[in-house]
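As structure tokens, the structure follows; a few thoughts come after it.
The values are calculated or read from the model by the stated rules, or taken from the named source; none is laboratory data. Keep in mind that this is a model prediction, so the values were computed, not measured. Here the Cβ is made from the backbone with ideal geometry for all residues, glycine too, and neighbour counts use every protein chain on show. The protein model used for the area step is the full one, side chains on, heavy atoms only, and it has no ligands, DNA or RNA in it. Shrake-Rupley method; radii C 1.70, N 1.55, O 1.52, S 1.80 Å.
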Amino acid sequence: MMIRYLIIIGLLLGISCRKEKWNDRNKLTTSQNLLQTIQASNDLSQFYTYLVRTGYDKVLASSKTFTVWAPVNSAWAAVDPALLNDTAQLRLLIANHISTLSYTGTADEQRIATLNGKKIAFTASAVEGIKVNDGGQFTSNGVLQVIDGAIIPKQNAWEYLNSTSYQQKTFLQSLAYIGIDTATAEQIGVNPTTGAPIYKPGTGEVELNHFLERVNINSEDSLLTYVILADDVYAGEQQRLTKYFTDSTAELTDTTTQWNVVKDLVFNGVYDKDHLPDTLYSIRDSVHFHINASDIISSQKVSNGIVYIVNHIDYDLSTKIKPVIIQGEYYSGVKDATKTIAIRTRVNSVTGLIFRDVYMYNYGLASYWLNYKARLNSVAYHVYWVAVNDVQTGTFPMRVAFDDPAVTTIPYTTVPLLNYNEQYVGDYTNIRYGVHNVYLVGNSVTSNGNNTILLDYIKLVPILN
């Protein structure tokens, strides 16, 4: 009985202590709001003046919750007067010190979104490397952090690129186009054929960019490492890659080549110059890069990571000019749609892995074909297939053709029995970059068992110099 009594007393004391600590925490919160607290501090008078000048005094006087990093008066002497005397720039600067919600610093770095859309790095002791003088003062509508310096807004990677004069910037800017923001566009009708809305010309127009739609280095939501090539390196990469992207016109070749130079120069995460990994994997297509610290001309910290300007770059060409895999079951056309085509799910008896293939038999046509679409580089390819003949005791031939099923550049190859391995069937040289028709062609006879079609996949492996 005595033990039970002591346990109850202990629990009550614990609850009382926790309640007392919670009450102590509440005592840190003053009845003043953020604006009043800042106004009452002699050491924050200059910051208060800028709040009033930019209109953010009204924001901080509202009932919403904020965190404010307020620079002391002496901090402003280090700020470029051009920023302080330009109203628009001053608003961006002051907004960079204010965030919605209440934040207190932790040992781990937090990236906090500010009112100007930028994100700042915040820990218990510093914000963007600037010392935080105390652990934060709670007010009626948020937290005030007093700091030793002003938080100058950084450009992000896209903004920094556009402040340079490199050829890389010129090309990426050429990918801009005018799109429609449906939220602000004025709808004046509906297309009777497609049902799509028709907007009044000139309304809702926004500038978009094909590159940013694929790799958004303008976003503050994640950290990245971005590489800008010096102009001579950029020209050298164009020269190196152009033979793999030769198109029907010189203009198309140039555009496609430049796109394939620039699309892979973005990497997830921030990598310090002196601690670069041996291999960096590009966000866009996982191209394998190697960057030497000695090849970095300059670096620039940006609000969403870091930018390096380099005078040399290495990458594994086979990860940029990749093999092409054409899955048998994903055909896009057939010679005769009345014939039955089976899609099978099988188990590889060697590996135990499941695979799917396409299978045709007893259909009674010579040179039957299945059509596939594939984007090919202007390069020579080794051609392989996996075709598992586990359905009959006799062998049969097939072949692969490009652009025209009647072309016999690659001759018929016999499909052996129960072969789960890739089988080499020939070489093909493609002279124009782009989407091509690829055909799997059956035997040129009509007899059952001799014109069977079977395919797990076709693999085209570039022959790189």
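Please give the net charge around Glu159, taking every other residue with its beta carbon less than 12 angstrom from that of Glu159, where Lys and Arg add +1 and Asp and Glu add -1. Each step should come with its number before you reach the end.
Working: positive: Lys118, Lys154, Lys169; negative: Glu220.
Cβ neighbours under 12 Å give a net charge of +2.
The alpha carbon gyration tensor of the range 61-196 gives principal lengths a ≥ b ≥ c with a/c of 1.5 or higher and a/b greater than b/c, which makes the shape prolate. The coefficient of translational diffusion for the range 102-167, derived via Stokes-Einstein from the alpha carbon Kirkwood radius under 10 °C and 1.306 mPa s, stands at 118 µm²/s. Rounded to whole Å, the principal axis extents of the Cα atoms in the range 246-384 read 68, 45, 29, largest first.
How much of the calculated P(r) for the range 302-380 lies past 14 Å, in percent of all Cα pairs?
Values: 2376 of 3081 pairs.
Looking at the range 302-380, the distances longer than 14 Å represent 77 percent of pairs.
Spatially, the range 327-382 and the range 67-82 are offset by 67 Å when compared through their Cα centroids.
Its Cα gyration tensor gives the range 335-407 an equivalent ellipsoid; the semi-axes, largest first and in whole Å, are 23, 20, 13.
Note down the Stokes-Einstein diffusion coefficient of the range 256-318 in µm²/s, whole number, using a Kirkwood radius over alpha carbon pairs, 10 °C, and 1.306 mPa s.
Values: Rh = 12.3 Å.
Here the translational diffusion coefficient equals 129 µm²/s.
Entry note, the range 292-401: relative contact order of 20 percent, from Cα contacts under 8 Å with a spacing of 6+ residues.
Normalised by the residues of the chain, what does the relative contact order come to in percent, with Cα pairs under 8 Å and at least six apart? Mind dumping the intermediate values first?
Numbers: 910 pairs, mean separation 49.9, N = 465.
Across the chain, relative contact order equals 11 percent.
Any chance you could tell me what percent of the C-alpha pair distances in the range 343-465 go past 24 Å? That tail contains 27 percent of the Cα-Cα pairs.
If packing is taken as the mean number of other Cβ atoms within 10 Å per residue, what is the order of 432-444, 269-281, highest first? Walk me through the numbers on the way to the answer.
Values: 432-444: 19.1, 269-281: 12.5.
The densest-packed peptide leads the list: 432-444, 269-281.
Report Rg/Rh for the chain, rounded to two decimals, where Rg is the Cα radius of gyration and Rh the Kirkwood radius. With Rg and the Kirkwood Rh in hand, the quotient comes to 1.15. Once neighbouring chains are kept in place and the probe is 1.4 Å, which whole percent of the accessible area of the chain is contributed by carbon and sulfur? Here carbon and sulfur together make up 52 percent of the probe-accessible area.
Which of the three applies to the range 130-260, rounded, prolate or oblate, going by the alpha-carbon gyration tensor with a ≥ b ≥ c and a/c under 1.5 meaning rounded? Spell out each step's value before the answer.
Details: a/c = 3.54, a/b = 1.28, b/c = 2.78.
Here the range 130-260 falls in the oblate category.
If R0 is taken as 22 Å, the Cβ-Cβ distance between His210 and Ser332 corresponds to a FRET efficiency of 0.30. Take the Kirkwood radius over Cα pairs of the range 400-465, plug it into Stokes-Einstein at 4 °C and 1.567 mPa s, and you get 94 µm²/s for translational diffusion.
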